[in-house]
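Presented below is the structure to which this report refers.
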Amino acid sequence: MKEATGLKEIIKPENLVYRRSEVLVDNTLSYCPGCGHGTTHRILAELIEELGLQSQTIGISPVGCSVLLYHYLDVDIQQAAHGRAPAVATGIKRLLPDKFVFTYQGDGDLAAIGTSETIHACNRGENIMIIFVNNGIYGMTGGQMAPTTIPGMKSSTSPLGRDVKTMGNPLMMTDIVATLPGTYYVTRQSVHTPANVRRTKKAMRKAIEYQKLNKGTCFIEIVSNCPSGWRMTPVESNKWMEENMFSYYPLGDLKTPAE
Amino acid sequence: MEKELRLMKGNEAIAEAAIRAGVDGYFGYPITPQSEILEYLMEANPYKTTGMVVLQAESEIAAINMVYGGAGCGKKVMTSSSSPGISLKQEGISYIAGAELPCLIVNVARGGPGLGTIQPAQADYFQSVKGGGHGDYHLIVLAPASVQEMADFVELGFDLAFKYRNPVLILSDGAIGQMMEKVYLKPQKPRATDSPDWATTGKGNRKERNIITSLDLDPDRQEDFNHKLQAKYAEIEKNEVRFEEFQCEDADYLFIAYGTSARVCQKSVQIAREHGLKAGLLRPITLFPFPSVRINELSAKVKGILSVEMSSGQMVEDVMLAVNGKVPVKHFGRMGGIVTTPDEVVEKLKTLFIGGE
Amino acid sequence: MAKIRGSIVVDVEKCKGCEVCMVSCPTGTIAMAKEVNSKGYFNAYPAHPELCIGCASCAIVCPDGVITVYKTKI
């Protein structure tokens, strides 16, 4: 492995502070440079490793940029039809209730074609974790408008910017599922700065641990960037996200378990 | 190993047979004429006795995807619907076939197209046998003609599904779903405790993770995979053809019919012979694989073949392919939910083949 | 008083040059290489290794997990 290293005398096993999780397969992620998918995969892998869940995890990948999740996470995975991951997860968790089951979905998958499956799985309170990566655009198919695209935002199917009058407002799926009694923990986070990564990891750890309680669905939205779809550099896209997306999608817990 | 004798509706027989066959999960949605399957299972509450999961999904689409999830875990899972709902499931069915998963789908067919009617029809033959969903795949299709077969085909369906890692469809119709007949039910079989080695059950002690997917972006690999599927279907065609013959040995004319139409034609054979016409009936039990070889053999000995199906003529195309021009093949069938009568069929046989052609 | 010193190791070929680590580094340790790696990306590297405090901000924000971090007291 070709490496760029810092001070060599410090590089000793006893000094190790951080290394890539072993739950990540030793390959290169196919995501665009700077894409939040990679960071989210990494956090999830670290938690699966730290919590010792690798042998009991079954994940479901969507249709979208993260369809190939099963190439990157070394756990049993089913690839689901577009939007149907919560239904697939329902089948799995009902039949194998002792396993840790999660879905990983983008905004087209969860909030467009999958709206019904998302709402009904949450309404039934399926004991699964739903990870919702929201970058307000359809990345895999080339940058079209999504239900979560914010007003005025340009995309390949809203070239003049999202026009609320003809295209509707952004669909606030996380807020909607938080109103359902079937959800147990609902939160919205981001992964673009170290502080936010730490907060996301804390939130996701809770979501994972809560599954053992069988108290309902844990739903975590990750507001993320799409440098390619937004036609920006990664650093620019994170700045744009901070300045524009967070006013529509404010970070924080929307629903926490009653103490 | 006593079998229990009961008087049951076709739909109920499927539900009871599913419980007794040790099915792990049923995911369904109400639609006439098959809602009794879900209702019976909810009433029976097998979760308490065998641990079988019964769930009313929010849509037929959700139900087939729940089946996908359960099937991916190596479990015996099934769903049921009627024609319009089966249309909704096609994407999920294609995914199940593409991921090589076992499962059972029941279509209690009704008249179409569109919302159609609630009375029986056999206009889903193309949908069931020729694809329905996108891509080069086949379902194994079983066509029951009695309440007994509704019950028996559940276990047979799962045996075939797991043997070939392929979805199996029971193509029934509203008449058989609703009629009541005697049925012998097998004793309760326990649900399986082990899982196939390809299933996603959590890595456990396995070195490699299991992935259930139908995606491969590499064209060479995807072509190889399609060849693998085709080889599987060739095996199925070689080994799993099932049919029943009724008075074909000396027949001059042959009826080919399945399901309710076969019941009608059985009477038509009797009526025809009373009128001096030597008719026989070949009833396909598997529609895929189709009994082409046997139909081809019989066509050498008859003067004409009438395909009888409650449709505009779907199965007749496969009959024609099997006969390969040896003798005239025609179709007769009522549509709109109307069930043909035995006399009607005999009249058609006469007018289409004997008089005034 | 003991000083915290860090050292990072970047997997050059897996890095996609997104620069998010660089803007997250609190000490200015990281810069982007002047030559591309074999994939054509200007990869990140510890340009000022003596400034590194081993906080791992770079590693935890990296979408591709290409950074390993070490830290010691001197």
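Numerical summary
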{"read-out": "Gaussian network model of chain C, Cα within-10 Å springs - most flexible of C:47, C:59, C:31", "value": "C:47"}
{"read-out": "Listed peptides B:135-142, B:223-230 by packing density, highest first (mean Cβ within 10 Å)", "value": "B:135-142, B:223-230"}
{"read-out": "Burial order of peptide ranges A:46-56, A:113-123 (average beta-carbon count within 10 Å, highest first)", "value": "A:113-123, A:46-56"}
{"read-out": "Peptides B:339-345, A:83-89, A:32-38, A:104-110 ordered by average Cβ neighbours within 10 Å, highest first", "value": "A:83-89, A:104-110, A:32-38, B:339-345"}
{"read-out": "Karplus 3J(HN,Hα) series, Hz, for the stretch C:46-51 with 6.51 cos²θ - 1.76 cosθ + 1.60 (x for Gly, Pro)", "value": "x, 5, 10, x, 5, 8"}
{"read-out": "Inter-site label distance for residue A:19 and residue B:198 at 7 Å from Cα along Cβ, in nm", "value": "3.6 nm"}
{"read-out": "Helix-only mean residue ellipticity at 222 nm for chain A, each DSSP H run of n ≥ 4 adding -39500 (n - 2.57), per residue, nearest 500", "value": "-8500 deg cm²/dmol"}
{"read-out": "Evaluated at q = 0.07, 0.11 Å⁻¹: base-10 log I(q)/I(0), Debye formula over Cα of chain B", "value": "-0.30, -0.73"}
{"read-out": "Degrees between helix B:147-164 axis and first principal axis of chain B (Cα, 0 to 90, nearest 10)", "value": "50 degrees"}
{"read-out": "Point-to-point label distance, residue B:294-residue B:270, nm (Cα→Cβ direction, 7 Å offset)", "value": "2.2 nm"}
{"read-out": "Three-way shape call for the protein assembly as shown based on the alpha-carbon gyration tensor, with the a/c threshold at 1.5", "value": "prolate"}
{"read-out": "Cα-centred dipole magnitude for the protein assembly as shown, charges only on beta-carbon of K, R (+1) and D, E (-1), debye, nearest 20", "value": "1460 debye"}
{"read-out": "FRET efficiency estimate (nearest 0.05) - Cβ-Cβ, residue B:134 to residue B:59, R0 30 angstrom", "value": "0.95"}
{"read-out": "Area accessible to solvent at residue B:221, 1.4 Å probe radius, in Å²", "value": "140 Å²"}
{"read-out": "Reachable lysines from residue B:182, criterion Cα separation under 18 angstrom, eight or more residues apart if same chain", "value": "B:3, B:9"}
{"read-out": "Residue-averaged 222 nm ellipticity for chain B, from DSSP H runs of 4+ at -39500 (n - 2.57), nearest 500", "value": "-11500 deg cm²/dmol"}
{"read-out": "For C:50-62, mean number of other protein chain Cβ atoms within 10 Å", "value": "5"}
{"read-out": "Isolated Cys in chain C, by beta carbon distance under 4.7 Å", "value": "C:15, C:18, C:25, C:52, C:55, C:62"}
{"read-out": "Neighbouring partner chain Cβ atoms per residue of A:173-180, average, 10 Å criterion", "value": "0"}
{"read-out": "Per-residue average of Cβ from other chains inside 10 Å of B:294-305", "value": "0"}
{"read-out": "J(HN,Hα) series, the stretch A:5-12, from Karplus relation 6.51 cos²θ - 1.76 cosθ + 1.60, nearest Hz, glycine and proline x", "value": "10, x, 4, 5, 5, 7, 7, 9"}
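The values are calculated or read from the model by the stated rules, or taken from the named source; none is laboratory data. Quantities reported herein were computed from a predicted structural model and do not represent experimental measurements. Quick reminder, even Gly has a Cβ in these numbers, built from the backbone with ideal geometry, and neighbours come from all protein chains shown. Accessible surface is based on the protein model in full, side chains and every heavy atom, while ligands, DNA and RNA are left aside. Shrake-Rupley method; radii C 1.70, N 1.55, O 1.52, S 1.80 Å.
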